1. Suppose we filter the range 37-92 for residues that are closer than 20 Å to LEU24 by Cα and of a type in the set (S, T, N, Q); how many remain?
2. Out of the residues in the range 69-88 meeting the condition of being of a type in the set (D, E, K, R) and assigned to a loop (DSSP other than H, G, I, E, B), tell me which one is most open to solvent (accessible area, probe 1.4 Å).
3. Here's a check for you: in the range 19-45, which residue that is at pLDDT below 80 and of a type in the set (Lys, Arg) is surrounded by the fewest Cβ atoms within 10 Å (Cβ to Cβ)?
4. What is the residue count in the range 50-90 for residues that are β-branched (Val, Ile, Thr) and modelled with pLDDT under 85?
5. Identify all residues within the range 46-68 that are among the hydrophobic types (A, V, I, L, M, F, W, C), open to solvent by 70 Å² or more (accessible area, probe 1.4 Å) and assigned to a helix (DSSP H, G or I); write none if there are none.
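The values are calculated or read from the model by the stated rules, or taken from the named source; none is laboratory data. This is a predicted model, so every value here is computed, not measured. A quick note on method: Cβ atoms are made from the backbone with ideal geometry, for glycine too, and the neighbour counts reach across all protein chains shown. What goes into the accessible areas is simple: the full protein's heavy atoms, side chains included, and nothing from ligands, DNA or RNA. Shrake-Rupley method; radii C 1.70, N 1.55, O 1.52, S 1.80 Å.
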Amino acid sequence: MVDLYNVETYNADTRFNASYLNALERMLEKVLPHAMLKAKPNLESRIRTLKMDWATVYDLLNVKDNSSFGWDEHRQMVVAKDAIWNLYISVR
């Protein structure tokens, strides 16, 4: 997806236009010829999941008072004390 974004062929105001899934499908077919991944529903579903996960991490780190959560650059993950995680999980 980064390659598609950098090419700027499939960009539309910081979003991908409708044909990017087909281009992504062709790229995957070259790398994984027998995987039989299709743009719909396989790729579209995975991208939707990634968007939701990204929104969760973004919200954790950019809330007004985000002193409870931090980012571990070495491990590339959100970190917090166990009590904070338990509270977050119980609320959600």
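1. Qualifying residue count for the region: 3.
2. If we take residues in the range 69-88 being of a type in the set (D, E, K, R) and assigned to a loop (DSSP other than H, G, I, E, B), then LYS81 is most open to solvent (accessible area, probe 1.4 Å).
3. LYS40
4. 1
5. Hits for the range 46-68 are LEU50, MET52, TRP54.
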